[in-house]
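Got a structure for you, questions after.
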Amino acid sequence: GFRNSVPLFSALKSDTMRPRHWKQVEVFSGIEIDMNPATFNLKILFAMKLHRFKDQILEMVAASRGEAGIEKSLQEISVYWKKVFFTLRPYKENPAKGYLLDDPADICMQIEDNSMTLAGMSASPFAGAHSRALRQWEGDLNLVNECISAWKTVQMKWTYL
């Protein structure tokens, strides 16, 4: 009882635990968990006898940590791309003649780096909870890369007219 439950309580208090993880605990334990802070206490937690589900709980907490790592990386990618802007410069120093896209090499390198990161995260056993966001980012970065490539091709041809 007590001796076996304490490590589980410690694991369950992980910041990576989301409501979906608590729902999983409810499913495999068959115990409804009322997470109301006004009523949820240590006595109720002990009464659940969660030590009977030690392996499932530890596995689920490990999964929550893996999912949290993916969530954090997705957030970092999102924050980065909100700050990215393309730089334009006047063609032949004359704005009346149009603008050219400045060399987007840094942006292309970041796309490649993020694409590799996303591919690695997608292959993770913890990707399930974030698979939609991972696919969305992969598609968005691929589209941006294709647009840059097309823009550079058109721009090169246009400057030689």
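How much of the accessible area of the range 1-129, in percent, comes from carbon and sulfur atoms when a 1.4 Å probe is used? Before the final figure, lay out each step's value.
Numbers: 4750 of 8460 Å².
Ligands and nucleic acids excluded, carbon and sulfur give 56 percent.
Which of ALA96, ALA47, ALA129 moves the most in a Gaussian network model of the chain with Cα springs under 10 Å?
ALA96
Can you give the log10 of the normalised intensity I(q)/I(0) at q = 0.10, 0.13, 0.18 Å⁻¹, computed with Debye over equal Cα scatterers of the range 8-161?
-0.56, -0.74, -1.05
Return the single residue from ARG132, ARG18, ARG89 with maximal mean-square fluctuation; model: Gaussian network over the chain, springs between Cα atoms under 10 Å.
Highest fluctuation of the listed residues: ARG89.
Related question: Just the accessible area per residue of the chain, please: how many Å² with a 1.4 Å probe?
Details: 10990 Å² over 161 residues.
The answer is 68 Å² per residue.
So, one more: Can you tell me which of ARG65, ARG52, ARG135 moves the most in a GNM of the chain? Springs connect C-alpha atoms under 10 Å apart.
Checking each option, the largest mean-square fluctuation is seen for ARG52.
Further, regarding this structure: Give me the distance in nm between label points sitting 7 Å out from Cα along the Cα-to-Cβ direction at CYS108 and ALA123, one decimal.
Result: 2.5 nm between the two label points.
In this model, which of LYS83/LYS157; LYS43/LYS72; LYS23/LYS43; LYS82/LYS152; LYS83/LYS152 are farther than 32 Å apart at the alpha-carbon? Write out the running numbers ahead of the final one.
Working: LYS83/LYS157 29 Å; LYS43/LYS72 34 Å; LYS23/LYS43 20 Å; LYS82/LYS152 22 Å; LYS83/LYS152 22 Å.
LYS43/LYS72, as the Cα separations exceed 32 Å there.
Using a/c under 1.5 as the rounded threshold, could you call the range 29-95 rounded, prolate or oblate? The axes a ≥ b ≥ c are square roots of the C-alpha gyration tensor eigenvalues, and prolate needs a/b larger than b/c, oblate otherwise.
Prolate shape, in that a/c is at least 1.5 and a/b is the bigger ratio.
What ranking do 112-122, 140-150, 27-37 get when scored by the average of other Cβ atoms within 10 Å per residue, highest first? Intermediate values should be presented prior to the final figure.
On the way: 112-122: 15.6, 140-150: 13.7, 27-37: 10.2.
Packing proxy ranking, top to bottom: 112-122, 140-150, 27-37.
OK, next. In debye to the nearest 20, how big a dipole does the range 38-122 give about its Cα centre with +1 on each Lys and Arg Cβ and -1 on each Asp and Glu Cβ? Could the numbers behind the result be given before it?
On the way: 11 positive and 11 negative charges, 113 e Å.
In debye, rounded to 20, the range 38-122 gives about 540.
Quick check: from the Cα gyration tensor, does the range 73-126 come out rounded (a/c under 1.5), prolate or oblate? Kindly include the intermediate steps, with their values, before the conclusion.
Details: a/c = 5.72, a/b = 3.16, b/c = 1.81.
Prolate.
The values are calculated or read from the model by the stated rules, or taken from the named source; none is laboratory data. Nothing here was measured: the structure is a model prediction, and the numbers come from that model. Quick reminder, even Gly has a Cβ in these numbers, built from the backbone with ideal geometry, and neighbours come from all protein chains shown. What goes into the accessible areas is simple: the full protein's heavy atoms, side chains included, and nothing from ligands, DNA or RNA. Shrake-Rupley method; radii C 1.70, N 1.55, O 1.52, S 1.80 Å.
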